[in-house]
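The values are calculated or read from the model by the stated rules, or taken from the named source; none is laboratory data. Computed from a predicted structure; not experimentally measured. When we count neighbours, we look across all protein chains shown, and the Cβ atoms used for this are built from the backbone with ideal geometry, even at glycine.
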Amino acid sequence: MLEIIPWWNWPIILFGVTFAIGIVAVLGGVGGGVIFVPVMIGFFPFHLDFVRSAGLLVALASSLSASPILLKKHLAHLKLAMPMALIASIGAIFGAILGLALPADIVQISLGVTILVIAAIMLKAKKSEYPEVKKADTLSTMLGIRGTYREESTNEVINWQVHKTPQAMVTFVIIGLVAGMFGLGAGWATVPVLNLMMGVPLKIAVSTSSFLLSITAPSAAWIYINRGAVLPILIVPSVIGMMLGARIGAKLLPRIRTKAIRYIVIGVMLFSGARALLKGLGF
Amino acid sequence: MQELKLPEESLIYARLLNAGRAIGLVALIIIFVIYIAGIIPPRVPLNELSNYWGLSAKDYLTKTGIHTGWSGIGMLRYSDILNFLPIAFLSGITIICYLSIIPIFFRKKDRIYAWIAILEVLVLVFAASGILKV
């Protein structure tokens, strides 16, 4: 049925779908790639290689939009991001190589399972606004990972430090690997690791996670680009749609009950993850 | 009220990222319009694209005769291939940002971060070089 749609409809359809994804992603507190990839694989005719490449570029574009502001506002922290990004980049490159080397149906099945697991994690995961870090660990002290930011709602200056840096670094290898292999953004994993494991305040964790994508996404994206997995008719409307949707989402954020939206996002992920899984299994 | 000072490297990084993003996105939109408006002919006609987008990247390249990497430079005369340029530029901004902060870290005698930045540049350049063939 999809074959009878004239080519010029596809940019419009993709723009509309990614615009909607951009809005609900912001309201649901996720990066967008984690919805984009399973929706594209589950319901669109594009091959997995093109979708993963587009997923990484969509995540990159969203990150590039937000990061300059987040850096200037002291919310995205360069010294927190740099060591983690280095490790995650290496993981993402290997993930992309692995993803391209494995048979498409195996990757599709793994992706479906991964999305379902991520949705379950999102359903269960807790967040901590200001986690307590009694003592910074040796590695973070050596790397100078600590910071200060102004909490705009209270005008209070918050000082923060981190712990469990070595454990977080190991986790970032796995996060990079999964992100590169499936073309997902990694906010679903980096935010909990930074916030709950390392003890980074939630706002800094969310902002630094968004910034991290501008470093890790291109490292895996290059592997797909060099492989020729670039379909402009998929990438460009998706990038623009997602960015505009995210801007609208950010404006709606103060006025919408985000908890309900988060459940919708999880519902979409469960549905599209299951669809990707079934497609991989040949149904 | 306590004034928070942004480290020089963060400020430079943010400015470059912002400028690169703006240039990359404008180029992306302009080249895409050239592509879909048919101003420059594509390698794969738009009305035939649906025959190929369900193929793996490897099969897509074989069937369309598209070359990637350095051997594909000659194909930039086609509008679909031309779209690679802004995409590659957007993917390369991070390398430029990192290169700009390395001297700042060395000047501040923050050698650990200078070396982390150098390593990140090497990783990204390695990925971008196309050496890693799958």
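Conditions tested, residue by residue: (1) of a type outside the set (Gly, Ala, Ser); (2) at pLDDT below 90.
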site: A:Ile109; (1), (2): yes, no
site: A:Val113; (1), (2): yes, no
site: A:Ile118; (1), (2): yes, yes
site: A:Lys124; (1), (2): yes, yes
site: A:Ser128; (1), (2): no, yes
site: A:Val133; (1), (2): yes, no
site: A:Ala136; (1), (2): no, no
site: A:Ser153; (1), (2): no, yes
site: A:His163; (1), (2): yes, no
- request: Could you grab me the full set of residues in the range A:111-141 that are small (Gly, Ala, Ser), part of a loop (DSSP other than H, G, I, E, B) and closer than 20 Å to A:Ile158 by Cβ?
  value: A:Ser128, A:Ala136
task: Considering every residue within the range A:263-279, establish whether at least one is surrounded by fewer than 21 Cβ atoms within 10 Å (Cβ to Cβ), polar (S, T, N, Q) and part of a helix (DSSP H, G or I).
output: no
- request: Identify all residues within the range B:102-134 that are of a type in the set (A, V, I, L, M) and at the interface with another protein chain (Cβ under 8 Å from one of its Cβ atoms); write none if there are none.
  value: B:Ile112, B:Ile116, B:Ala117, B:Leu119, B:Val123, B:Leu124, B:Ala127, B:Ala128, B:Leu132, B:Val134
- line: Conditions (1) surrounded by fewer than 24 Cβ atoms within 10 Å (Cβ to Cβ); (2) over 22 Å from B:Gly54 (Cα atoms) -> A:Pro45 fails only (2)
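Conditions (1) surrounded by fewer than 24 Cβ atoms within 10 Å (Cβ to Cβ); (2) more than 21 Å from B:Ile116 (Cα to Cα); (3) at pLDDT below 95, marked per residue:
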residue	(1), (2), (3)
A:Gln167	yes, no, no
A:Leu184	no, yes, yes
A:Pro192	yes, yes, yes
A:Ser207	no, no, yes
task: Under 6 Å between Cβ atoms, at least 6 apart or on separate chains: pull out the pairs that start in the range A:66-91 with a residue that is more than 10 Å from every other protein chain (Cβ to nearest Cβ) and end on any residue that is aliphatic (A, V, I, L, M) and assigned to a loop (DSSP other than H, G, I, E, B).
output: A:Leu80/A:Ile145
statement: Among residues of the range A:227-257 being under 18 Å from the mean Cα position of the chain (by Cα) and surrounded by fewer than 18 Cβ atoms within 10 Å (Cβ to Cβ), the residue farthest from the other protein chains (Cβ to nearest Cβ) is A:Ala250
query: Quick one: which helices (runs of 4 or more DSSP H) sit completely within the range B:1-87 and have at least 3 residues that are among the aromatic types (Phe, Trp, Tyr)?
result: B:8-36
message: Can you tell me which condition A:Ile174 does not meet? The list is (1) assigned to a helix (DSSP H, G or I); (2) touching a helix residue (DSSP H, G or I) at 6+ places or on another chain (Cβ under 6 Å); (3) within 29 Å of B:Leu55 (Cα to Cα), and all the others hold.
response: (2)
statement: Inside the range A:31-61, the number of residues satisfying the requirement of being more than 10 Å from every other protein chain (Cβ to nearest Cβ) and out of contact with any helix residue (DSSP H, G or I) (no Cβ under 6 Å at 6 or more places or on another chain) is 1
- request: For A:Ala20, indicate whether it is at pLDDT 90 or above and either closer than 25 Å to A:Tyr149 by Cβ or within 11 Å of chain B (Cβ to nearest Cβ) (or both).
  value: no
query: If you check A:Ile158, A:Ile106, A:Ile118, which single one turns out to be within 11 Å of chain B (Cβ to nearest Cβ) and not aromatic (Phe, Trp, Tyr)?
result: A:Ile158
task: Kindly establish whether A:Gly199 is touching a Lys or Arg at 6+ places or on another chain (Cβ under 8 Å), assigned to a loop (DSSP other than H, G, I, E, B) and surrounded by 22 or more Cβ atoms within 10 Å (Cβ to Cβ).
output: yes
query: Considering A:Pro38, A:Pro11, A:Pro68, which residue is farther than 30 Å from B:Ile36 by Cα and crowded, with 19+ Cβ neighbours inside 10 Å?
result: A:Pro68
- request: Identify the single condition in (1) more than 9 Å from chain A (Cβ to nearest Cβ); (2) farther than 27 Å from A:Leu244 by Cα; (3) hydrophobic (A, V, I, L, M, F, W, C) that B:Phe89 does not satisfy, given that it satisfies every other one.
  value: (2)
- line: With criteria (1) at the interface with chain A (Cβ under 9 Å from one of its Cβ atoms); (2) over 30 Å from A:Pro237 (Cα atoms), B:Leu99 comes up short on (1)
task: Tell me, please, whether a residue that is farther than 25 Å from A:Ile5 by Cα and facing another protein chain (nearest Cβ under 7 Å) can be found in the range B:20-37.
output: yes
